[in-house]
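Working notes for the structure below.
The values are calculated or read from the model by the stated rules, or taken from the named source; none is laboratory data. All of these numbers come straight from a predicted model, not from anything done at the bench. When we count neighbours, we look across all protein chains shown, and the Cβ atoms used for this are built from the backbone with ideal geometry, even at glycine.
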Amino acid sequence: MKAKLISPNNIVIEHSFTGKDEDKLRWCQSYDKIIAFDTGKKIILDTDFWNFSAPINKHRCAFLCETMKETIQKIKDGTYKMENLNK
């Protein structure tokens, strides 16, 4: 299932989607790239596209419900894993 990403202010964010599959795994897609994946136990960010542009940053922050500063801290402390999600 794929749906438009909604900002915390209830605004539809263009060119972005969030999805959930039959195993309840969630992902965030910006344009044609997957930028984040939520397994329910951990968050995985794409190594190449997690911070590719300002619009992608906005999409990722909305998906994770956090600021860029919080995301960077979670990458540094190992809370978030980095992988190539667009192989």
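Determine the pairs where a residue that is hydroxyl-bearing (S, T, Y), located within region 34-53, has a partner that is surrounded by fewer than 19 Cβ atoms within 10 Å (Cβ to Cβ) and not in a strand (DSSP E or B) with Cβ atoms under 6 Å apart, the partner being 6 or more residues away or on another chain. Partner pairs satisfying both residue conditions: T39/L25; T47/N84.
Within region 32-76, the set of residues being under 12 Å from N86 (Cα atoms) and either out of contact with any Lys or Arg (no Cβ under 9 Å at 6 or more places or on another chain) or not aliphatic (A, V, I, L, M) (or both) comprises D32, K33, I34, F37, D46, T47, D48, F49, W50.
Looking at region 55-87 only, could you name the residues that are among the β-branched types (V, I, T), part of a helix (DSSP H, G or I) and either loosely packed, with under 12 Cβ neighbours inside 10 Å or within 12 Å of the chain's Cα centre (by Cα) (or both)?
Once the filter is applied, which keeps residues that are among the β-branched types (V, I, T), part of a helix (DSSP H, G or I) and either loosely packed, with under 12 Cβ neighbours inside 10 Å or within 12 Å of the chain's Cα centre (by Cα) (or both), region 55-87 yields I56, T71.
Are any of the residues in region 18-38 at positive phi and either at pLDDT 85 or above or in contact with a helix residue (DSSP H, G or I) (Cβ under 7 Å, 6 or more places away or on another chain) (or both)? The answer is no, given that none of the residues of region 18-38 is at positive phi and either at pLDDT 85 or above or in contact with a helix residue (DSSP H, G or I) (Cβ under 7 Å, 6 or more places away or on another chain) (or both).
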